1. If a residue has to be among the aliphatic types (A, V, I, L, M) and either farther than 21 Å from G155 by Cβ or part of a loop (DSSP other than H, G, I, E, B) (or both) to count, how many in the stretch 49-80 make the cut?
2. Could you list, in sequence order, the residues of the stretch 1-39 that are of a type in the set (D, E, K, R), open to solvent by less than 40 Å² (accessible area, probe 1.4 Å) and in contact with a Pro (Cβ under 7 Å, 6 or more places away or on another chain)?
3. Look through L57, L125, L97 and report the one residue that is under 28 Å from W149 (Cβ atoms), under 17 Å from the mean Cα position of the chain (by Cα) and at pLDDT below 95.
4. A85 versus (1) of a type in the set (G, A, S); (2) assigned to a loop (DSSP other than H, G, I, E, B); (3) over 21 Å from R151 (Cα atoms): which is the lone unmet condition?
5. When the stretch 100-114 is examined, which residues are found to be crowded, with 17+ Cβ neighbours inside 10 Å and touching a residue at least 24 places away in the same chain (Cβ under 8 Å)?
6. In the stretch 61-76, is there at least one residue being free of Cβ contacts under 8 Å to residues at least 12 places away in the same chain and either open to solvent by 30 Å² or more (accessible area, probe 1.4 Å) or over 13 Å from the mean Cα position of the chain (by Cα) (or both)?
7. Would you check which residues across the stretch 115-142 are open to solvent by less than 10 Å² (accessible area, probe 1.4 Å) and farther than 26 Å from S98 by Cβ and list them?
Amino acid sequence: MIIFSFAPRAEDVFWSPELRPEHPDRPEHPELTGADFSMSYFRADVQLVVHGVDLSLRTPGLPVVDFALMLEYARRELEARSGIAVETSVTEHVFSLSRGPETVTLTTNYASAVAELTWDELRQLTDRAKAEAFRLITTAHPELRDNAWLRETVGGGASPSA
């Protein structure tokens, strides 16, 4: 069983529905960009327990999009390689994955535990992380459903009305 969730950080004001989701330093182009979503805003802690192995990550806040895209990149690359190490952009936490014929081994630089999951579980975890990042952001700010980069990158390319 895999337990996964994001816990938005209260100190990240971008989760507040009262705050307009714009980049304050770019009045001429205020729409949030991929870099804004991946490096700066919508920070959370990550709860990740893989078959009883706790790999949860509590930090000053990891952007949810960064974590979701890191997982997706690792999964895609692991399909062509025997192993890969990926790092979160902001907090520099490393996830190392190695593949076997039916399982994937996951270790981190912040926990000594080793977790194993199936390829299908890794795919499901990746899809869930992306969907949860999109859901949390667009629940706080429904207008961000119209952000093309966010929708196409973590929202599965769904139409704004979906």
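The values are calculated or read from the model by the stated rules, or taken from the named source; none is laboratory data. Remember, predicted model here, so these are calculated numbers, not experimental data. Because the Cβ atoms are built from the backbone with ideal geometry, glycine has one as well, and the counts that use them run over all protein chains shown. Just the protein is used for accessible areas: all its heavy atoms, side chains included, with ligands, DNA and RNA removed. Shrake-Rupley method; radii C 1.70, N 1.55, O 1.52, S 1.80 Å.
1. 7
2. Across the stretch 1-39, there are no qualifying residues.
3. L57
4. (2)
5. Those that are crowded, with 17+ Cβ neighbours inside 10 Å and touching a residue at least 24 places away in the same chain (Cβ under 8 Å): V104, L106, T108.
6. Yes, there is a match, as at least one residue in the stretch 61-76 is free of Cβ contacts under 8 Å to residues at least 12 places away in the same chain and either open to solvent by 30 Å² or more (accessible area, probe 1.4 Å) or over 13 Å from the mean Cα position of the chain (by Cα) (or both).
7. Answer for the stretch 115-142, where residues must be open to solvent by less than 10 Å² (accessible area, probe 1.4 Å) and farther than 26 Å from S98 by Cβ: I137, T138, H141.
Residue by residue, here is whether (1) part of a helix (DSSP H, G or I); (2) of a type in the set (A, V, I, L, M) holds:
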residue	(1), (2)
L106	no, yes
S112	no, no
L117	no, yes
E121	yes, no
L125	yes, yes
K130	yes, no
R135	yes, no
T138	yes, no
E143	yes, no
